[in-house]
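Just below is one structure, and these are the notes that go with it.
The values are calculated or read from the model by the stated rules, or taken from the named source; none is laboratory data. Quick caveat: nothing in here was measured; it's all calculated off a predicted structure. Backbone-built Cβ (ideal geometry, glycine too); neighbour counts: all protein chains shown. For the accessible areas, the whole protein counts, side chains as well, though only heavy atoms, and no ligand, DNA or RNA atoms are used. Shrake-Rupley method; radii C 1.70, N 1.55, O 1.52, S 1.80 Å.
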Amino acid sequence: DGSEALAPGGLIVLNGWNLGAVNSATAEMPLSSALSESCLTVNGLAVPMLMVSSTQINAQLPFQAEGNVTMVLRTPGGVSDNYNITILPNAPSIFLKELQPDYSVPLVVRASNGQVVTPANPVRWGEEVVIYLTGMGMTYPEVPAGQPAPSDPAAVPLTEPVVTLAGRQMPIVHSILTPGQIGVNEIRIYIPKNTPKGMNQPLTVEQGGYSTTVPVRVVQ
């Protein structure tokens, strides 16, 4: 979502210059820690990468990385300066989905039709929605960084989230790493019939004292 808060196992975007020799992306699983002849480390731990270009790297933080850490990038052109960052235990961040240029919406999906929530496709009373996010931290069972999440048993975050909509706490059906995906969490919630209606109701995911909020439309 472009925010700066980071958590173990979360997906990140690194921007800069001369980050990779050539543009390269991969769909192979498990992910490689070396892509386009570039290698990213956090406190010496290899960081699995999804995409590398000269100006951007998409990657997944190691689950073992937490607290004040040092990130270093190694490329054919040399080694970067140390980049010092802080990785929080939890930093939930809801993905954004671009529907058209300069127009993005939170990646919240209605379970009834499998479509993303928009003002024209609002959250409705008595149904379930799925929130897709990253940065929910350690899970049980543990899933190594770069590996797709299991389905049986599903990996659940060690710190249980709390979801509110328009100031009301929502019942959680499940909170897991999305099976078959890397670094993607999902929270499935039920929308009670007394949920306040409105165009821009705040949907908040709070976990371990850290939270993220996005607006959604709610109708009866």
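A few points about this structure:
- Figure legend. Inter-residue proximity from segment 101-121: first residues at pLDDT 95 or above, second residues hydroxyl-bearing (S, T, Y) and not in a loop (DSSP other than H, G, I, E, B), beta-carbon distance below 8 Å, spacing 6+ or different chains. Indicated pairs: V105/T118; L107/Y132; V108/Y132; V109/Y132.
- Strands (runs of 3 or more DSSP E) enclosed by segment 131-193 - at least 1 residues per element that are under 21 Å from I87 (Cβ atoms) and open to solvent by less than 30 Å² (accessible area, probe 1.4 Å): 172-177, 185-190
- Yes/no for N121 being of a type outside the set (A, V, I, L, M) and more than 22 Å from K197 (Cα to Cα): no
- Summed over segment 194-211, the residues that are open to solvent by 20 Å² or more (accessible area, probe 1.4 Å), of a type in the set (S, T, N, Q) and part of a strand (DSSP E or B) give a count of 4.
- Tally, over segment 59-80, of residues that are among the polar types (S, T, N, Q) and out of contact with any strand residue (DSSP E or B) (no Cβ under 9 Å at 6 or more places or on another chain): 0
- Matching residues, segment 116-130, being open to solvent by 50 Å² or more (accessible area, probe 1.4 Å), closer than 19 Å to F95 by Cβ and not in a strand (DSSP E or B): P119
- Scanning segment 122-159 for residues that are in contact (Cβ under 8 Å) with a residue 40 or more places away in the chain and under 26 Å from V42 (Cβ atoms) yields a total of 17.
- Considering (1) over 27 Å from C39 (Cβ atoms); (2) more than 20 Å from the chain's Cα centre (by Cα), the lone condition that E98 does not fulfil carries the number (2).
- Every listed requirement among (1) under 19 Å from G208 (Cα atoms); (2) of a type outside the set (K, R); (3) under 20 Å from the mean Cα position of the chain (by Cα) is met by N68 save one, (3).
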